[in-house]
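Notes follow once the structure below has been shown.
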Amino acid sequence: MDNLDQYIDRYLDMALTYSPAIIKALVVLLVGLWVIRMVVKFLKNALENKIGDDTLEIFLGSLLSWTLKIILFVSVGSMLGIATTSFVALLGAGGLALGLALQGSLSNFAGGVLILFFKPFKIGDRIEVMGRNGVVKDIQIFHTTIITLDKRTIILPNGAIMNADIVNYMKEGIIRVDMVVGISYDSDIQKARNLLLDVMAKHPSVLKDPEPVVVVTELADSSVNLSVRPHCKPEDANTVFVEILESCKVALDQGGVTIPFPQMDVHLDKSV
């Protein structure tokens, strides 16, 4: 019984000695978590009013939340007498090991951060990257999803995207649609040009400014190639291309301008 009384007395002494620090640390932890939640909520509201980008709001909110929580846990551990130097060193070693194990994922994470901050494209933009052409459906921290023109879903890693050439067809609000129409060498170039300009002038999606143009760009083996260049809104590009190209064929046929087949002139030497 004497030994039991000694143990009880010892634990009571320890409880009395450490309970103020434990209670203080618990209060700091609870208040700190509440403050962090309020700070993150304030940040999200501020970003929503200023930027209006849900993906960026979620990312920055999570990043700030975890950073503040780590600082809070280290502070609470210090209040309980835990050696924070060792704790920080352990976190550093764990972070290094995790970084080496997840190099590819960290590269994609960094790429996602760059996309969110520098905004080379946004959801709804039509882009061409890594040989893929489509509309951006979703931007996550590690990957970006695009829908191709033939309705295939492509998931691309953000790290590879930021190391590749990105073509954003929507950035300027207008786009030039280029197509080539060949006419025969004995056809009237000016007549063909007028017919093609008239086709573009009548199309409702072709912009008047900048004006559409038709220029000779190549004297090919079998044809004089005319580049037909209307401007339109990016979302109308595919429609303009297929409809203008078809209308050009019809207009040239009706105007008596020949679209030649590939041909070759062969000269025979009769002296042989």
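Per-residue Karplus couplings for the range 207-221, computed as 6.51 cos²θ - 1.76 cosθ + 1.60 with θ equal to phi - 60°, are listed in order as 6, 7, 9, x, 5, x, 10, 10, 10, 7, 10, 7, 9, 7, 4 Hz, Gly and Pro entered as x.
When the pairs Lys41/Lys122; Lys119/Lys151; Lys69/Lys119; Lys137/Lys249 are compared against a 31 Å limit on Cα-Cα distance, Lys137/Lys249 fall above it. Our Cα-only numbers for the range 121-168 put the radius of gyration and Dmax at 9.3, 26 Å.
What do you get for Rg/Rh over the range 175-254 if you use C-alpha atoms and the Kirkwood form of Rh? Present the calculation step by step, with values, prior to reporting the outcome.
On the way: Rg = 12.1 Å, Rh = 12.6 Å.
Here Rg/Rh amounts to 0.96.
Each reported figure results from applying straightforward, stated rules to the coordinates on display, with no laboratory input. It should be emphasised that the depicted structure is a prediction, and the values quoted were computed from it without experimental measurement.
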